[in-house]
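*Asks:* Okay, here's the structure, questions in a sec.
The values are calculated or read from the model by the stated rules, or taken from the named source; none is laboratory data. Since the structure is predicted, the reported quantities are computational estimates derived from the model, not experimental observations. Glycine also receives a Cβ, built like all others from the backbone with ideal geometry; neighbour counts cover every protein chain displayed. Keep in mind that these areas ignore ligands, DNA and RNA; they rest on the heavy atoms of the full protein, side chains included. Shrake-Rupley method; radii C 1.70, N 1.55, O 1.52, S 1.80 Å.
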Amino acid sequence: MKAAVWYGKEDIRIEEFPEPEVGPGKVKVRIKQCGVCGSDLHEYFSGPFIIPSKPHPLTGRTGGPLILGHEFSAEVVEVGEGVKGFAAGDRVTVNPLIYCGTCHFCRRGEHIMCTKLGTIGFAWDGAFAEFGVFPAYGLIKLPDSVTDEMGAAVEPLAVAIHAVNRSGMKIGDNVAIIGAGPIGLFVQQACKASGAGHVYVVEPMKARLETAAKTGATAVFDPTAVDAGKEIGALTNGLRADIAFDCVGNQASFDTAVKVTGRRATICVVGLALKPIEVPFIRLWGHEKTITFSSGYQDEFPAAVAYLEDGRVKVDQLITGHIPLEDLVEGGIKELRNHPDKHVKILVQP
Ligand SMILES: [Zn+2]
Ligand SMILES: [Zn+2]
């Protein structure tokens, strides 16, 4: 089969790859649509990053050759021994977590904290290929009203819904989203769909602010032009946001999250901060603010499918490109790096 295979930093080759064979408890699928994610960019430009550098305890995989791709829709072609509830022809998406099922956290259903956690597309061949074989426990069926394109958005939307859950958001809370990249734009819609009051978005890139406004933000602010804290304060009787989602993960975005939130607020860090961030404890202490983190998802996939099914979350404005597999590096990975103002999600059709 044809696949985009990661061999190392700046080395992804489109080539013939052995077609995977189904095994007990696994399902073979034909990939329909697969989104290019920021973490795929990290693997390409500076990996290995999530790709394990010593044999993964559950999958045995180390480095390349490895097929990336973890945000996808697919059609079942074959089910392995012992798999119940799925048959050839079923339209599905897949929760990419591969977990042990026996550790302390797995026993509590907190698979994202599994001590042996692995992920499809990083420690197991992913979906930038014609076919894939995945554990049946990760499959979720797609209803007819959720197209293959929408199906490829279930994973990033699950990231966003998990962030809402981690933040402890209550119905009617006013929220601020810092950073309107792919994650921020999904968190924005997930907040609204989950009952947020007003949803404010802070982002310096004009095109992204426009997308945020078009997809339902109450008000949008460019932090290089205005003081977003004062602006949001003016719209909330001086209270500012109850929750801020830092969807960037750097010093400037965290400082903004502190500024736009009020007393007893929560800051939920969703963006991956690669460098240490200084925390102004005196300001957090005085206002008894909470900092929490959100790093993935556990069981938010059915909720994400439901939000797409009834149109509460819309992805048509967020899908900004369609490319064939051959074009993954130039038209997908490099295009996203070079034109962040033009793109949210680029989908690959293997
Ligand atoms: Zn992703
Ligand atoms: Zn586990």
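*Asks:* By per-residue mean of other Cβ atoms within 10 Å, what is the highest-first order of 94-100, 283-289?
*Replies:* Most protected by this proxy first, the peptides run 94-100, 283-289.
*Asks:* If a/c stays under 1.5 just call it rounded; otherwise compare a/b with b/c (prolate if a/b is bigger, oblate if not). Do that for region 100-176, with a ≥ b ≥ c from the square roots of the Cα gyration tensor eigenvalues.
*Replies:* In terms of gyration-tensor shape, oblate.
*Asks:* Rounded, prolate or oblate: which fits region 115-160 when a ≥ b ≥ c are the square roots of the eigenvalues of the alpha-carbon gyration tensor, with rounded for a/c under 1.5 and prolate only if a/b beats b/c?
*Replies:* Prolate.
*Asks:* Report D for the chain in µm² per second (integer): Stokes-Einstein, Kirkwood Rh on Cα pairs, 10 °C, 1.306 mPa s.
*Replies:* For these conditions, the coefficient is 77 µm²/s.
*Asks:* Compute the acute angle (0 to 90°) between the alpha-carbon long axis of helix 182-193 and the principal axis of greatest extent of the alpha-carbon atoms of the chain; round to the nearest 10°.
*Replies:* Orientation of helix 182-193: about 70 degrees from the principal axis.
*Asks:* Could you tell me what percent of the accessible area of the chain is made up of carbon and sulfur, with a 1.4 Å probe and every protein chain present?
*Replies:* 52
*Asks:* Here's a follow-up. Farthest toward the dipole's positive end in region 160-293, which of 199, 165, 280, given Cβ charges of +1 (Lys, Arg) and -1 (Asp, Glu) about the Cα centre?
*Replies:* Checked the options; the winner is 165.
*Asks:* Return the Cα extents of region 1-146 along principal axes one, two and three, sorted largest first, each rounded to a whole Å.
*Replies:* Taking the Cα atoms of region 1-146, the three principal extents are 40, 38, 28 Å.
*Asks:* Would you please put 229-235, 31-37 in order of how densely packed they are, using the mean number of other Cβ atoms within 10 angstrom per residue and starting with the highest?
*Replies:* The peptides rank, most packed first, as 31-37, 229-235.
*Asks:* Okay, moving on. Can you tell which of 344, 135, 114 lies farthest toward the positive end of the dipole of the chain, using +1 and -1 charges on the Cβ of basic and acidic side chains (Lys, Arg; Asp, Glu)?
*Replies:* 114
*Asks:* What does a probe at residue 140 reach in region 160-190, counting residues whose amide N is under 20 Å from the point 7 Å along Cα→Cβ?
*Replies:* 160-169, 182-190
*Asks:* Give me a comma-separated list of calculated 3J(HN,Hα) values for region 317-332, in order, Karplus coefficients 6.51, -1.76, 1.60 applied at θ = phi - 60°, integers in Hz, x for any Gly or Pro.
*Replies:* After applying 6.51 cos²θ - 1.76 cosθ + 1.60, I find 6, 9, 8, 10, x, 10, 9, x, 3, 4, 9, 3, 6, 6, x, x Hz.
*Asks:* Among 242-253, 11-22, 198-209, 216-227, how do they line up by average Cβ neighbours within 10 Å per residue, starting with the highest?
*Replies:* Averaged packing, sorted descending, gives the order 242-253, 198-209, 216-227, 11-22.
*Asks:* Kirkwood Rh, region 160-293, all Cα pairs: how many Å?
*Replies:* Radius from the Kirkwood sum: 14.1 Å.
*Asks:* Now for a different question. If amide H atoms are built 1.01 Å from N in the plane of the peptide, which residues on other chains or at least 5 residues away come under 5 Å of the amide H of residue 32?
*Replies:* Residues meeting the criterion, in which the H sits 1.01 Å from N, are 73, 74, 75.
*Asks:* Where both partners of a DSSP beta bridge lie in the chain, what percent of those bridges are antiparallel, to the nearest 5?
*Replies:* Given both bridge residues lie in the chain, the antiparallel proportion sits at roughly 55 percent.
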